[in-house]
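Just below is one structure, and these are the notes that go with it.
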Amino acid sequence: MSFDRQELAERAAYLAAHGVYIGTSSWKYPGWCGTIYNSARYEYRGNFAETRFKRDCLAEYAEVFKTVCVDAAYYTFPSQKYLEGMVNQTPDDFVFGLKVTDTITIKKYPKLPRFGEQAGKPNENFLNAELFTKAFLRPCESVRNAIGLLMFEFSRFWPTDYEHGRDFIADLDKFLGQLPKGWPYGVEMRNKNWLKSEYFECLARHQVTHVFNSWEAMPPVGEQMALPGSRTNPDLVAARFLLKPGRKYEQAVKAFEPYDTVKEENPEARAAGRALIEAGVKAGPKCRTFIYVNNRLEGNAIATIEALMQPGL
């Protein structure tokens, strides 16, 4: 089947008008040239200019989709200038999903080079609501209308972090209670054994959505959707299709780069994605549904989304 860029754009616009926003995790992939990107737009002196591509391709992306997940915000607090720069490249009806900076969500810094001297040490700013409000929310104020979802992604906790899940839920409950109201918050967990009623009830109390996520050590999205109480906010639903459960991130990168084609279909994820779309359309615009797809799920997020958005939904 040949790729139809215009049809994909029309389908994405139709779904967004019904409250369902579907897009990708990040957008700066040269492997998408020939589908949603025209490589000729980024040529300089006859060669593909990757710097120009990364700087300007969001505008072309937004000709097709109505949302994108900004993974970059996870690694550093976004400045107002950075956020406004993105918003200025997109239409007024385009909305962003932002991952909250890991300074707020990491309990103990992993032993990775990017953390420098802090690697391996406890994070004194873990669940610091005051810092989050000042360093993350304040820059977002000027583009608030363009923000559809703010996600607190918690990497997998180990027994040295929390002996019991209830201890984390108590800390999370306190943190969520301190946050400014009125923002579209979501929480993404990576501890599958903590997906219990106490966790879902905590989110529901604060009108925070559980972000269904397909990840290495998590149950498939369809299984998470079937858990009692997992829809914690009637007005906001979110899902991120990132990895096939059981597959490590590094394995997916090695298998799927340069992300120019689907290498391995995931029928389970596709079925869950279609179910979310159908439920979102049925709920109508009063409930917003956000679905983000990563290249590392099947090899090419654009083709995966094209398969999800079949006519007739």
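The values are calculated or read from the model by the stated rules, or taken from the named source; none is laboratory data. Predicted, not measured: the structure shown is a model, and the values here were computed from it. Quick reminder, even Gly has a Cβ in these numbers, built from the backbone with ideal geometry, and neighbours come from all protein chains shown. Just so you know, the surface numbers come from the protein's heavy atoms only, side chains and all, with ligands and any DNA or RNA stripped out. Shrake-Rupley method; radii C 1.70, N 1.55, O 1.52, S 1.80 Å.
Here the mean projected area of the convex hull built on the C-alpha positions of segment 22-77 is 4.3 nm². Taking THR51, THR232, THR67 as the candidate residues, the one with maximal mean-square fluctuation in a Gaussian network model of the chain, Cα springs under 10 Å, is THR51. Each part reduced to its alpha carbon centroid, segment 207-240 and segment 2-19 end up 24 Å apart. To the nearest 10 degrees, how steep is helix 50-61 against the longest Cα principal axis of the chain, on a 0 to 90 scale? The angle comes out near 90 degrees. Expressed in units of 2.2 N^0.38 Å, where N is the residue count, the Cα radius of gyration of segment 1-101 is 1.11. Compared with the dominant principal axis of the Cα atoms in the chain, helix 165-178 is inclined by about 80°. Setting aside same-chain residues fewer than 8 positions from LYS174, which aspartates and glutamates have a Cα under 20 Å from its Cα? Partners found: ASP102, GLU124, GLU130, GLU153, ASP161, GLU163, GLU188, GLU198, GLU201.
Computed from the alpha carbon atoms alone, the convex hull of segment 125-201 holds 99 Å³ per residue.
Taking 0.36 nm per residue of sequence separation and removing the Cα-Cα distance, the LEU112/LYS28 pair yields an extension gain of 27.9 nm. Near LEU243, once Lys and Arg are set to +1 and Asp and Glu to -1 for all other residues with Cβ below 9 Å from its Cβ, the sum equals +3. Once neighbouring chains are kept in place and the probe is 1.4 Å, which whole percent of the accessible area of segment 35-128 is contributed by carbon and sulfur? C and S atoms contribute 47 percent here. The phi torsions of segment 275-291, fed into the Karplus equation with coefficients 6.51, -1.76 and 1.60 and a -60° offset, translate into couplings of 5, 5, 5, 4, 5, x, 5, 5, 5, x, x, 5, 10, 8, 10, 10, 10 Hz, rounded to whole numbers, with Gly and Pro shown as x.
Structural descriptor for the chain: relative contact order 19 percent, calculated from alpha carbon pairs under 8 angstrom and at least 6 residues apart.
Within a straight-line Cα-Cα reach of under 20 Å, LYS263 can be paired with the following lysines, leaving aside sequence neighbours fewer than 8 residues apart in one chain: LYS28, LYS244, LYS248, LYS254. Note on segment 170-312: semi-axes of the ellipsoid equivalent to its C-alpha gyration tensor, largest first and rounded to whole Å, are 27, 18, 13. Of the options [x] 55, 44, 39; [y] 52, 41, 37; [z] 110, 46, 37, only one is Cα extents along the principal axes in Å as computed from these coordinates, and that is [x]. Put simply, the C-alpha atoms of segment 108-247 give a gyration tensor, and the ellipsoid matching it has half-axes of 22, 22, 16 Å, longest first. What Kirkwood radius, in Å to one decimal, follows from the Cα pairs of segment 212-270? That comes to 12.8 Å for segment 212-270. Of the trypsin sites (Lys or Arg not before Pro) found in segment 1-88, the ones in coil according to DSSP and having at most 15 other Cβ atoms within 10 Å of their Cβ are LYS28, ARG45.
Excluding ligands, DNA and RNA, the accessible surface per residue across the chain is 47 Å² with a 1.4 Å probe.
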